[in-house]
1. Exactly one of (1) surrounded by fewer than 17 Cβ atoms within 10 Å (Cβ to Cβ); (2) not assigned by TED's automatic domain parsing to the domain that holds residue 195 is unmet by residue 108. Its number?
2. Looking at residue 180, is it hydrophobic (A, V, I, L, M, F, W, C) and in a strand (DSSP E or B)?
3. Taking only the range 164-197 into account, find how many residues are touching a Gly at 6+ places or on another chain (Cβ under 7 Å) and farther than 19 Å from residue 126 by Cα.
4. Looking at the range 23-40, which of its residues are surrounded by fewer than 17 Cβ atoms within 10 Å (Cβ to Cβ) and in contact (Cβ under 8 Å) with a residue 60 or more places away in the chain?
5. Collect the residues in the range 140-167 that are farther than 29 Å from residue 106 by Cα and either of a type in the set (Ser, Thr, Tyr) or not in a helix (DSSP H, G or I) (or both), keeping them in residue-number order.
6. Could you check the range 142-155 and list, in sequence order, the residues that are free of Cβ contacts under 8 Å to residues at least 40 places away in the same chain and either in contact with a strand residue (DSSP E or B) (Cβ under 8 Å, 6 or more places away or on another chain) or of a type in the set (Ser, Thr, Tyr) (or both)?
7. Given the options 189, 91, name the one that is of a type in the set (A, V, I, L, M), in contact with a helix residue (DSSP H, G or I) (Cβ under 8 Å, 6 or more places away or on another chain) and not in a loop (DSSP other than H, G, I, E, B).
8. So the check is Cβ under 8 Å with 6+ separation or different chains; which pairs have a first residue in the range 250-263 that's closer than 13 Å to residue 206 by Cβ and outside the structural domain of residue 227 (by TED's automatic domain parsing) and a second one that's of a type in the set (S, T, N, Q) and modelled with pLDDT under 95?
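The values are calculated or read from the model by the stated rules, or taken from the named source; none is laboratory data. Every value quoted in this text rests on a predicted model; they were computed, and no experiment measured them. When we count neighbours, we look across all protein chains shown, and the Cβ atoms used for this are built from the backbone with ideal geometry, even at glycine.
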Amino acid sequence: MSRTQQKATILNNSLLQGSYYRLDMRAAAIAPMVLPGQFVHMQLPGFEHRDLRRPFSLCDVDTSSGGLTLVYKTVGEGTRYLSELRPGSLLDLMGPLGNGYSTPPADALSVIIGGGYGCAATYLYARRAPTAPLVLLGGRSRDDLLLVDEFSALGCEVRVSTDDGSEGYYGLVTDLLAEVFEADPAPVLVACGPNPMLRSVSRIAAAHGVDAELSLDHVMCCGVGACFACVVKMKADNADGWEYVRTCRSGPVFRSSEIYWED
């Protein structure tokens, strides 16, 4: 896995919708190496009282200009501080990190399931897929449905759901996934979003005898496998039936059949 560390210049950092922001950067050394599903580990300037870096999934890449795009939500002190940084500010990035999604076969129905900012983390997969995927996007409300127009512009069919019924289907995005199997018994499934959604995707996939690639959302500290703070349980051939693996090194994308979900 190739990675590097560099200063990235902020080109744009603006409100996208609700509490979500779009951040565009120039990071010419990192951009050409990025694969869909990978992330960068970011250190914020002038934020020395918080030493740890923050992981951010990459939304899009422009290899010709060295551009990186990510979408983030302001949820705490760090992301609020990030949202106030202006163009020209420098961010210290390590990346690209982690293992991403596999490239789907050209003749397969590829289905993206995205929840919240997980919608943005799957955009690069859709853009690089040989055939435009079917995209299922879910959120608590319409403000959590990200990049609907951008996915549509790629030629993707986009179906949306909201927990509160403010847009699209009134219910969970995994309800939309159940309908997919009526049209195709063996779709290629990729997903990113909150863990309850990913667990549901895993169970639906297993019930239909297929696998899925899931990007697990987990708190990270070092991002390079040294601290063991981001461990998750994977199935293993031992007495316990599972073992811990590091999300930052073995993931963040895992096959659903390998994940040990606790009841």
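1. (2)
2. no
3. Count: 3.
4. Hit for the range 23-40 is 33, nothing else.
5. 140, 141, 162, 163, 164, 165, 166, 167
6. Within the range 142-155, 142, 145, 148, 151, 152 meet the criteria.
7. None of the other options fit; the residue is 189.
8. Partner pairs satisfying both residue conditions: none exist.
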